[in-house]
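What follows is a single structure, written as structure tokens, with notes after it.
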Amino acid sequence: MPTPSVDPQRFKDNQRSTWDGMSAGWAAVTDIFERGGQPTTEHLLERGGVRPGQSVLDLGTGHGEPAIRAAEAVGPEGRVVGVDLSTAMLARAHARAAALPQAEFVEGDVESIGLAAESFDVVLSRWGLMLVIDQLATFEAIRRVLKPGGVLATTTWGPPQSVPMLFTATRVLGERLRLPGPPPGQPGPFSMCEADALAKTVTAAGFSDVTVTEFTVPFVLQSPAEYAAFGRAVTPRAVLDLIKRRFGSEDDPGTWGAVADAVECHAASDGRIMLPSTALSVRATA
């Protein structure tokens with residue numbers, strides 16, 4: 001069912017603007033995030049059965065993950081298409097995949113994939129589906145572009161408290177800025193965090209052999225300060241503007257010091273910050 005009380009066009013325009021604005025920040029912390037991201041990519045390629053010569057679609061590709069790794073796996077005889085709303089994100093994906101002619105990137109709407117029916121062997125998405133407005137329609141669109149017997153392999157985030165890599169900074173900023181929590185049922189990073197509900201939606205979209213399993217994403221930070229730098233880099237511009245208005249600077253030491261302090265409890269004996277986070281791994285057959 002569509003999410004109530006959301007204007008689809010306005011929401012997507014806001015999402016495009018937000019991700020365009022965060023693209024440079026995410027690029028700056030790619031190495032930090034990919035310590036957990038790359039094992040997740042390898043997990044998705046294994047679950048999807050990606051192999052040479054296949055056609056693969058990556059939804060919500062961002063800076064090109066897992067599309068780039070999939071393009072390496074399918075080789076020059078295969079084809080990979082990465083789709084995203086954000087022009088800035090796609091520009092970086094294009095640049096990163098310059099040596100992979102089998103990879104192409106297109107701006108598009110995940111919910112109404114404008115690609116030919118039954119044209120892909122595998123559809124992948126690494127944390128790229130949680131911001132859709134109509135979850136059922138999205139999975140129906142995915143099934144439409146898969147060949148009979150084709151495979152969907154995607155990860156979404158588990159419940160907020162099980163995802164300290166993202167939720168810790170969000171929680172601290174929300175408390176300091178006295179931000180209201182998101183309305184129930186709205187699109188967001190944790191909108192697909194319930195395994196049973198997610199399995200039912202994918203099944204209702206016409207998929208078979210649906211499995212939803214937990215996957216632990218092994219995020220490791222070198223220090224609390226590195227975590228604070230990560231949080232600062234991926235915070236949306238609207239929130240940074242609120243920090244500036246409230247505390248005089250978007251780099252307010254008190255704010256980012258509080259973010260760093262919040263992960264001290266996750267420190268290992270060598271000082272590294274261990275933030276294993278829960279993803280839900282979905283595999284289904286068209």
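Remark: C-alpha extents of segment 167-232 on the principal axes read 45, 30, 14 Å, sorted largest to smallest. Rg/Rh, computed from the Cα trace of segment 206-286 with Rh as the Kirkwood radius, has the value 1.18.
Legend: P(r) of segment 46-109 from all alpha carbon pair distances, 10 Å bins from 0, whole percents, reading 27, 55, 18.
Work through the residues other than residue 127 whose Cβ is under 14 Å from its Cβ and net out their charges, Lys, Arg +1 and Asp, Glu -1. Net charge in that neighbourhood comes out at -3.
Reported to the nearest whole Å, the Cα centre-to-centre distance from segment 192-240 to segment 1-72 is 11. As an exercise, take the mean of 1/r over every pair of distinct alpha carbons in segment 204-248, invert it, and state the Kirkwood radius in angstroms. One over the average 1/r among Cα pairs gives 14.5 Å for segment 204-248. Averaging 1/r across all pairs of distinct Cα atoms in segment 75-156 and inverting the result yields a Kirkwood radius of 13.5 Å.
Scalar couplings 3J(HN,Hα) for segment 131-143, obtained by applying the Karplus form with A = 6.51, B = -1.76, C = 1.60 to θ = phi - 60°, are 9, 6, 7, 10, 5, 4, 4, 5, 5, 5, 5, 5, 4 Hz; x denotes Gly and Pro. A 1.4 Å probe, protein heavy atoms only, puts the accessible area of residue 26 near 40 Å².
Quick one: pull the percent of accessible area on segment 210-286 belonging to carbon and sulfur, 1.4 Å probe, ligands and nucleic acids left out. Using a 1.4 Å probe with all protein chains present, segment 210-286 comes out at 54 percent carbon and sulfur. Shown here is the pair-distance distribution of segment 1-79: with all Cα-Cα distances grouped in 10 Å bins from zero up to the longest one, the shares run 16, 35, 30, 18, 1 percent. Annotation: residue 68 carries an accessible surface of approximately 10 Å², with a 1.4 Å probe and no ligand, DNA or RNA atoms counted.
Averaging over all projection directions, the Cα-based convex hull of the chain occupies 14.4 nm² in the image plane.
Could you quote the convex hull projected area for segment 108-179, Cα atoms only and averaged over all directions, in nm²?
Details: hull surface 24.3 nm².
Result: a mean projected hull area of 6.1 nm².
Rolling a 1.4 Å probe over the protein heavy atoms gives the chain an accessible area of 44 Å² per residue.
In segment 244-286, the alpha-carbon atoms span a convex hull of 148 Å³ per residue. Over all distinct Cα-Cα pairs of segment 107-230, the Kirkwood formula returns a hydrodynamic radius of 16.3 Å. Computed from phi, the 3J(HN,Hα) profile of segment 32-45 under the Karplus parametrisation 6.51, -1.76, 1.60 (θ = phi - 60°) reads 5, 5, 6, 4, x, x, 5, x, 5, 4, 4, 4, 5, 4 Hz, with x in place of Gly and Pro.
The values are calculated or read from the model by the stated rules, or taken from the named source; none is laboratory data. None of these values were measured; they are calculated from a predicted model. Using ideal geometry, Cβ is built from the backbone for each residue, glycine included, and neighbour counts are taken over all protein chains shown. What goes into the accessible areas is simple: the full protein's heavy atoms, side chains included, and nothing from ligands, DNA or RNA. Shrake-Rupley method; radii C 1.70, N 1.55, O 1.52, S 1.80 Å.
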